[in-house]
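To keep things clear, I will list the structure first and then write my remarks on it.
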Amino acid sequence: MHSYRKPFRLSFSAAAATATATAALLACAAPAMADDAAARPADQSMFGTQTDVVVGISAGLSPRYMGASGTRLQVLPTLNIHRGIFFADSIRGIGAEYQSASGFYIGQAFNYDFGRTDSNSYLRPGSNRLRGMGDVKGAVTSATTVAQQLLPWLSVNAMAELGLDGHKRGNQYQFGLESVVASASKQDTLTTDLGAKLGDRQYNQSYFGVTQTQSANSGFGAYAPGSGIYAYFLTAGWDHVFDKHWASQLVLGGTWYTDKAGNSPIVDRRLAPLVYSALNYTF
């Protein structure tokens, strides 16, 4: 049985896993990403017997915002601290996770979505093309992930990410499949994630809609997408362990925006590519 790894989403954009994190890498997603720490036994105690610390440097190339034609390169440090069922890291935020011997996984994390700005930014999603749209304000988020292993190499998963800002940002959800295949030596692991993302009415309006006021200020036509699936995604990741301290990660992916998002006047490109790499050191 493989140890379940949180679905790659995340984090690659503060809004939906399309940009690398800190802040921005903190929320993408990635757009998730594989845990930097080594696989942990399913029968771990609540507080554990040791603290695992992983530091690294990451680089990601992704659209400036969901649907943007322009891209940005981010090079940022990463940190992962894990003890027992608890974790704190620069990708997922802070929280707890548990996996049973039968392959059932549940995780709860609190993070921060940096929203979107209407100008070019290194840390936040945004672009000068959105001038006049105003900012999508940042918000603390609560993400609950559940998964179940179906086969030794296949898991099904679902995630609910709720904005804790009084419904101003809205909520998004994700469901999909993850395939994990490790080499006999355990030095190399190949991961494939396939899934869909959907937003409630407020979330889709925040990131793809254009209100009458925004239309008057920006020149974009008014648009109200409503709730529903806004994107499908596919990612492939390769993790390589050099020794007990050093490991690397490479992720290639793409997001396809449905008509729900793709018909928005601020969406310039429906197919959004993603490249992410990291070099990590475990103490």
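The values are calculated or read from the model by the stated rules, or taken from the named source; none is laboratory data. Here the structure is a predicted model, which is why all the values come from computation and not from measurement. Here Cβ is always computed from backbone atoms with ideal geometry, including for glycine, and neighbour counts include all displayed protein chains. Each accessible area value is taken on the protein alone, full model and side chains, heavy atoms only, with ligands, DNA and RNA left out. Shrake-Rupley method; radii C 1.70, N 1.55, O 1.52, S 1.80 Å.
Couple of notes before you dig in:
- The stretch 132-167, residues that are open to solvent by 50 Å² or more (accessible area, probe 1.4 Å), in a loop (DSSP other than H, G, I, E, B) and farther than 17 Å from residue 66 by Cβ: 152, 153, 164, 166, 167
- Checked against (1) surrounded by 14 or more Cβ atoms within 10 Å (Cβ to Cβ); (2) over 19 Å from residue 61 (Cα atoms); (3) out of contact with any helix residue (DSSP H, G or I) (no Cβ under 9 Å at 6 or more places or on another chain); (4) at pLDDT 95 or above, residue 227 meets all criteria but (3).
- Residue in the stretch 263-272 that is open to solvent by less than 20 Å² (accessible area, probe 1.4 Å) and in a strand (DSSP E or B) present: yes
- Taking each residue of the stretch 133-156 that is of a type in the set (Ser, Thr, Tyr) and looking for partners that are open to solvent by 70 Å² or more (accessible area, probe 1.4 Å) with beta-carbon atoms closer than 9 Å, six or more apart or interchain, yields 141/110; 141/112; 141/164; 142/110; 142/164; 144/106; 145/106; 155/177.
- Of all residues in the stretch 56-96, those being part of a loop (DSSP other than H, G, I, E, B) and under 16 Å from the mean Cα position of the chain (by Cα) number 7.
- Against the criterion of being under 17 Å from residue 175 (Cα atoms) and at pLDDT below 95, residue 27 does not qualify.
- Verdict on residue 42 being among the aliphatic types (A, V, I, L, M), at pLDDT 95 or above and surrounded by 14 or more Cβ atoms within 10 Å (Cβ to Cβ): no
- Being surrounded by 14 or more Cβ atoms within 10 Å (Cβ to Cβ), part of a strand (DSSP E or B) and more than 17 Å from the chain's Cα centre (by Cα) holds for only one residue in 236, 247, and it is 247.
- Residue match in the stretch 194-209 (condition: in contact with a Pro (Cβ under 8 Å, 6 or more places away or on another chain), aromatic (Phe, Trp, Tyr) and in a loop (DSSP other than H, G, I, E, B)): no
- So residue 199, is it touching a helix residue (DSSP H, G or I) at 6+ places or on another chain (Cβ under 7 Å) and surrounded by 15 or more Cβ atoms within 10 Å (Cβ to Cβ): no
- Contact map, the stretch 86-114: residues that are open to solvent by 40 Å² or more (accessible area, probe 1.4 Å) paired with residues that are assigned to a loop (DSSP other than H, G, I, E, B) and β-branched (Val, Ile, Thr), Cβ distance under 9 Å, separation 6+ or inter-chain. Pairs shown: 98/85; 114/22.
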